[in-house]
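Below is one structure, written out as structure tokens; comments come after it.
The values are calculated or read from the model by the stated rules, or taken from the named source; none is laboratory data. None of these values were measured; they are calculated from a predicted model. Positions of Cβ are backbone-derived with ideal geometry, glycine not excepted, and every protein chain shown enters the neighbour counts. These area figures cover heavy atoms from the full protein model, side chains too; ligands, DNA and RNA do not enter into them. Shrake-Rupley method; radii C 1.70, N 1.55, O 1.52, S 1.80 Å.
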Amino acid sequence: MINEERLWNRLMALGELGKQPSGGVTRFSFTKEERQAKQLVASYMEEAGMRIREDAVGNLIGRRDGRLANAPAVLIGSHIDTVPDGGMFDGALGVLAGIEVVQTLNEQRIQHDHPIEVIAFTDEEGSRFGFGMIGSRAMAGTLREEQLGQVDSDGVTIGEAMKRVGLDPLNIGEASKEPSTVKAYVELHIEQGRVLEKQGLPAGVVSGIAGPLWTRWILTGEAGHAGANPMDSRKDPLMAAAEIMQFIEEEANKYPATVATVGQISVKPGGVNVIPGEVEFTLDHRTIDEEIRNVVENKIIAQAEQICRRRRVELYIEPLQRVTPAPCSDSIQEVIREACRKTGIEPFTLPSGAGHDGMQFYNAWPMGMIFIRSKEGISHNPAEWSSKEDCAIGTKILFETIRELT
Ligand code: HGY
Ligand code: MN
Ligand code: MN
């Protein structure tokens with residue numbers, strides 16, 4: 001059976017790359033830290049007896065052939081890039097657990113028909129460019145050239161960042177997989193919420209993945225003297241933004257499965273005694289139901305336009321990413337539920353509020369996810385934690401799932 005010590009030690013070792021003084025991890029795509037992490041993960045894939053390659057968009061892929069050479073492959077994936085000051089389980093667990101499953105099959109000379117590929121996808125988080133799931137989009141064949149023009153905080157485009165690490169953005173089409181060559185995709189991930197902990201369960205089966213809609217809001221008013229301008233003569237973009245954010249929260253509270261987050265904000269020129277001239281903030285708006293997401297999105301925009309008109313402030317909303325909510329395959333959910341039973345865990349099904357690479361494959365091939373419990377639901381935070389036991393249980397369920405699928 002799987003070697004839980006080896007899995008845990010690898011998780012801790014990978015968590016050291018990009019470590020911050022806070023204890024968190026920062027590993028953005030196409031950076032030194034991410035390259036180091038890929039080299040370490042590639043060495044584990046080697047130890048697991050896999051053939052290794054990096055595809056045209058930087059996805060790191062380890063492969064173990066099955067008895068049927070041309071049979072469609074079963075993919076196990078996740079990501080090793082992180083949010084700023086993130087945790088060491090988000091993404092990393094899914095990649096390392098996939099390698100552990102293959103290494104166990106290899107060591108115990110267990111045969112299987114379908115080939116298995118373990119994939120560490122490029123830039124799932126979108127932390128650097130405000131546009132994520134780059135590697136899984138490319139593999140699904142939906143990444144478009146013009147999307148590589150999005151820039152990071154230094155103005156570097158995705159395409160330029162790829163070139164700097166030896167990847168040619170013109171070749172991204174080569175990373176796409178023909179759906180006929182893939183049987184299924186399975187991802188093990190931490191829940192990043194509190195549901196499993198509240199149920200007292202170590203693991204669960206994911207029913208569907210909420211779709212993140214990311215936008216950047218740019219409000220332009222008129223910088224001015226904080227003392228000399230009466231309140232009714234101002235064009236203050238920050239006060240307009242504050243009113244808009246208040247409305248966003250009120251709207252999100254009306255729909256149980258809807259969440260809205262302002263994660264970044266910047267104010268120019270930023271003087272204590274200066275009425276702001278320009279404000280920029282990001283909005284991350286999600287729900288599992290696309291209809292409701294559209295309704296809430298339209299209400300927020302209409303109200304924002306009204307607020308800006310009244311306050312004589314210009315409003316521009318820049319689209320960053322719009323990901324369709326994705327249901328998980330019923331048949332793979334069944335396989336995972338059976339794998340839970342074989343592992344002695346009562347199957348429990350729950351939705352994912354967080355986005356994952358798997359959602360990019362919703363239209364391409366059957367996709368399923370396994371969650372393990374997150375301590376107090378904390379994630380995207382240095383305090384993100386899952387126990388060694390739960391990581392082992394999740395990997396055992398993944399092992400049984402892969403055995404059945406291959
Ligand atoms: O934003 C997300 O849901 C994921 O962590 N990328
Ligand atoms: Mn994440
Ligand atoms: Mn993740």
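Tabulated results
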quantity	calculated
Residues that are assigned to a strand (DSSP E or B) and buried (at least 22 other Cβ atoms within 10 Å of the Cβ), drawn from region 7-34	Val25
Set Ile244, Ile218: member being part of a helix (DSSP H, G or I), more than 16 Å from ligand 3 (Cβ to nearest atom) and farther than 30 Å from Ile119 by Cβ	Ile244
Which listed residue is more than 16 Å from ligand 2 (Cβ to nearest atom), closer than 23 Å to Ile393 by Cβ and open to solvent by less than 20 Å² (accessible area, probe 1.4 Å), from Ala48, Ala92, Ala73	Ala48
Residue count for region 276-300, restricted to those that are within 15 Å of Val262 (Cα to Cα) and in a helix (DSSP H, G or I)	2
Whichever residue in region 235-254 is free of Cβ contacts under 8 Å to residues at least 60 places away in the same chain and closer than 13 Å to Arg312 by Cα and, among such residues, is least open to solvent (accessible area, probe 1.4 Å)	Ala241
Hits in region 261-279 (condition: more than 30 Å from His380 (Cα to Cα) and open to solvent by 60 Å² or more (accessible area, probe 1.4 Å))	Val272, Asn273
Extreme residue, farthest from the chain's Cα centre (by Cα), among residues of region 45-100 that are within 25 Å of Pro179 (Cα to Cα) and within 13 Å of ligand 1 (Cβ to nearest atom)	Gly94
From Asp81, Asp113, Asp152, residue being closer than 23 Å to Ala354 by Cα, away from ligand 2 (no atom under 14 Å from the Cβ) and either of a type in the set (Lys, Arg) or in contact with a Lys or Arg (Cβ under 6 Å, 6 or more places away or on another chain) (or both)	Asp152
Of all residues in region 103-130 being in contact with a helix residue (DSSP H, G or I) (Cβ under 6 Å, 6 or more places away or on another chain) and within 12 Å of ligand 1 (Cβ to nearest atom), the one that is farthest from Gly58 (Cα to Cα)	Glu124
Only one of Glu297, Glu290 that is modelled with pLDDT under 95, in the same structural domain as Gly224 (by TED's automatic domain parsing) and charged (D, E, K, R)	Glu290
Flag for Gly193 being in contact (Cβ under 8 Å) with a residue 60 or more places away in the chain, part of a helix (DSSP H, G or I) and not hydrophobic (A, V, I, L, M, F, W, C)	no
